[in-house]
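The values are calculated or read from the model by the stated rules, or taken from the named source; none is laboratory data. Since the structure is predicted, the reported quantities are computational estimates derived from the model, not experimental observations. Ideal geometry is used to build each Cβ from the backbone, glycine not excepted, and the neighbour counts take in all protein chains shown.
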């Protein structure tokens, strides 16, 4: 399927504004560029309305972790998600992903706790993973006061946040809490440069996230000498995926991460895990944030959220 015309127009605008050249700058420059771009694209009139939004902090392994708690306009205990934002482990925050957390909260009808985990290179792996583990445990410990159902705790996130969600979903098999689902939006699950994923070559440039960007993110996130098969950073290399929570996984046709996300879906299914996988044709990495700019992206977001709601039901 060809690239969605509205996405193609968006890419043209982004290219003119310097997007796609993250690897040429510093992490500080990338964060400033990303945050500015998000604010320019955001239209307050289109933000999904939820019952309440609350900023707070929770205890973490290296100090307090900022969180933003979204509650749906529903009564009674509802599922509760620990949400981890994307951004290659280097950029992004709870503000940049405010619209995405709102959409999940409203459309799925769940409490969303968006987590501002520590970023690299100031805090390399496993700092972000450890913050996400702590946040997931905090959600479980405080689910009643959040208005949540203790039997329906889940994790979710996009891109790097999808990686962290998948890693947490595996680790909690041993540590708890028991998770009801994992919501993986175009996740990266493998840091092996030599792995056979054709989408890394087919979509290496021209579709927002580039192969060069991926190497730049990896270089900032992973310490020298790290085992690239450590399932805390590369979930697809876990010794076993059996017992992982059911998964909703969305990939994009024109995304370098497409094939590893789909390979992870297959590996989960082969291990007996319930998986709902959907590839969104015509889409690029980041489509979950582009619903106000592309009708096809909006449809993809609605479809993913509907699939998660059905799974939880």
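Quick check on the range 246-254. Is at least one of its residues under 14 Å from residue 162 (Cα atoms) and assigned to a helix (DSSP H, G or I)?
no
Quick one: which residue in 263, 267 is assigned to a helix (DSSP H, G or I), more than 19 Å from residue 160 (Cβ to Cβ) and in contact (Cβ under 8 Å) with a residue 24 or more places away in the chain? Break it down into steps so the answer makes sense when it comes.
Numbers: 263 fails: more than 19 Å from residue 160 (Cβ to Cβ).
Of the residues listed, the single one that is assigned to a helix (DSSP H, G or I), more than 19 Å from residue 160 (Cβ to Cβ) and in contact (Cβ under 8 Å) with a residue 24 or more places away in the chain is 267.
Can you find, within the range 121-145, the residue that is farthest from residue 235 (Cα to Cα) among those that are crowded, with 21+ Cβ neighbours inside 10 Å and over 16 Å from the mean Cα position of the chain (by Cα)? Talk me through it step by step, then tell me what you get.
Here is the first cut: in the range 121-145, the ones crowded, with 21+ Cβ neighbours inside 10 Å are 128-129, 131-133, 135-136, 139, 143.
Pick out the ones that are also over 16 Å from the mean Cα position of the chain (by Cα) and you get 139, 143.
Working: 139: 22, 143: 26 Å.
Filtering first and then ranking leaves 143.
Any idea which residue in the range 290-305 is farthest from residue 80 (Cα to Cα), counting only those that are crowded, with 20+ Cβ neighbours inside 10 Å and touching a helix residue (DSSP H, G or I) at 6+ places or on another chain (Cβ under 6 Å)?
294
Given the criterion closer than 26 Å to residue 255 by Cα and in contact (Cβ under 8 Å) with a residue 60 or more places away in the chain, identify the matching residue among 2, 77, 59. Spell out how you get there, then give the answer.
Numbers: 77 fails: closer than 26 Å to residue 255 by Cα; 59 fails: closer than 26 Å to residue 255 by Cα.
Residue meeting the stated conditions: 2.
When you look at residue 296, is it closer than 25 Å to residue 205 by Cβ, in a helix (DSSP H, G or I) and touching a residue at least 60 places away in the same chain (Cβ under 8 Å), yes or no?
On the way: closer than 25 Å to residue 205 by Cβ: yes; in a helix (DSSP H, G or I): yes; touching a residue at least 60 places away in the same chain (Cβ under 8 Å): yes.
Here the answer is yes, as residue 296 does meet what is asked.
Out of everything in the range 222-237 that is touching a helix residue (DSSP H, G or I) at 6+ places or on another chain (Cβ under 6 Å) and closer than 14 Å to residue 266 by Cα, what residue ends up being surrounded by the fewest Cβ atoms within 10 Å (Cβ to Cβ)?
Filtering the range 222-237 for residues touching a helix residue (DSSP H, G or I) at 6+ places or on another chain (Cβ under 6 Å) gives 229, 231-232, 235-236.
Filter again for closer than 14 Å to residue 266 by Cα, leaving 235-236.
Values: 235: 29, 236: 23.
The qualifying residue surrounded by the fewest Cβ atoms within 10 Å (Cβ to Cβ) is 236.
So if I check each of 209, 308, 241, 277, which one is in a helix (DSSP H, G or I) and either under 18 Å from the mean Cα position of the chain (by Cα) or surrounded by 20 or more Cβ atoms within 10 Å (Cβ to Cβ) (or both)?
On inspection, the qualifying residue turns out to be 308.
Checking the condition on the phi > 0 side of the Ramachandran plot, modelled with pLDDT of 95 or more, out of contact with any helix residue (DSSP H, G or I) (no Cβ under 8 Å at 6 or more places or on another chain) and surrounded by fewer than 22 Cβ atoms within 10 Å (Cβ to Cβ), which residue from 282, 272, 219 passes? If you could, list the steps in order and put the result at the bottom.
Details: 282 fails: out of contact with any helix residue (DSSP H, G or I) (no Cβ under 8 Å at 6 or more places or on another chain); 219 fails: on the phi > 0 side of the Ramachandran plot.
Exactly one of 282, 272, 219 is on the phi > 0 side of the Ramachandran plot, modelled with pLDDT of 95 or more, out of contact with any helix residue (DSSP H, G or I) (no Cβ under 8 Å at 6 or more places or on another chain) and surrounded by fewer than 22 Cβ atoms within 10 Å (Cβ to Cβ), namely 272.
Can you report the number of residues in the range 6-45 which are touching a residue at least 40 places away in the same chain (Cβ under 8 Å) and either in contact with a strand residue (DSSP E or B) (Cβ under 7 Å, 6 or more places away or on another chain) or surrounded by 12 or more Cβ atoms within 10 Å (Cβ to Cβ) (or both)? Walk me through how you get there before you give the answer.
Restricting attention to the range 6-45, the residues satisfying the condition of being touching a residue at least 40 places away in the same chain (Cβ under 8 Å) are 6-7, 10-11, 14, 19-20, 22-23, 27, 30-31, 34-35, 38, 41-43.
Checking the rest, the ones that are also either in contact with a strand residue (DSSP E or B) (Cβ under 7 Å, 6 or more places away or on another chain) or surrounded by 12 or more Cβ atoms within 10 Å (Cβ to Cβ) (or both) come to 6-7, 10-11, 14, 19-20, 22-23, 27, 30-31, 34-35, 38, 41-42.
Count: 17.
Residue by residue, here is whether (1) at pLDDT 95 or above; (2) farther than 24 Å from residue 297 by Cα; (3) touching a helix residue (DSSP H, G or I) at 6+ places or on another chain (Cβ under 8 Å) holds:
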| site | (1), (2), (3) |
| --- | --- |
| 52 | yes, yes, no |
| 56 | yes, yes, no |
| 63 | yes, yes, no |
| 67 | yes, yes, yes |
| 76 | no, yes, no |
| 86 | yes, no, yes |
| 95 | yes, no, yes |
| 100 | yes, no, yes |
| 103 | yes, no, yes |
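Could you say which residue among 215, 208, 241 is closer than 30 Å to residue 13 by Cα, touching a residue at least 40 places away in the same chain (Cβ under 8 Å) and out of contact with any strand residue (DSSP E or B) (no Cβ under 9 Å at 6 or more places or on another chain)?
Working: 208 fails: out of contact with any strand residue (DSSP E or B) (no Cβ under 9 Å at 6 or more places or on another chain); 241 fails: closer than 30 Å to residue 13 by Cα.
Being closer than 30 Å to residue 13 by Cα, touching a residue at least 40 places away in the same chain (Cβ under 8 Å) and out of contact with any strand residue (DSSP E or B) (no Cβ under 9 Å at 6 or more places or on another chain) holds for just one of 215, 208, 241, which is 215.
Applying the selection to the range 167-188, what residues are under 13 Å from residue 273 (Cα atoms) and either buried (at least 24 other Cβ atoms within 10 Å of the Cβ) or in contact with a strand residue (DSSP E or B) (Cβ under 6 Å, 6 or more places away or on another chain) (or both)?
169, 179, 180, 181, 182
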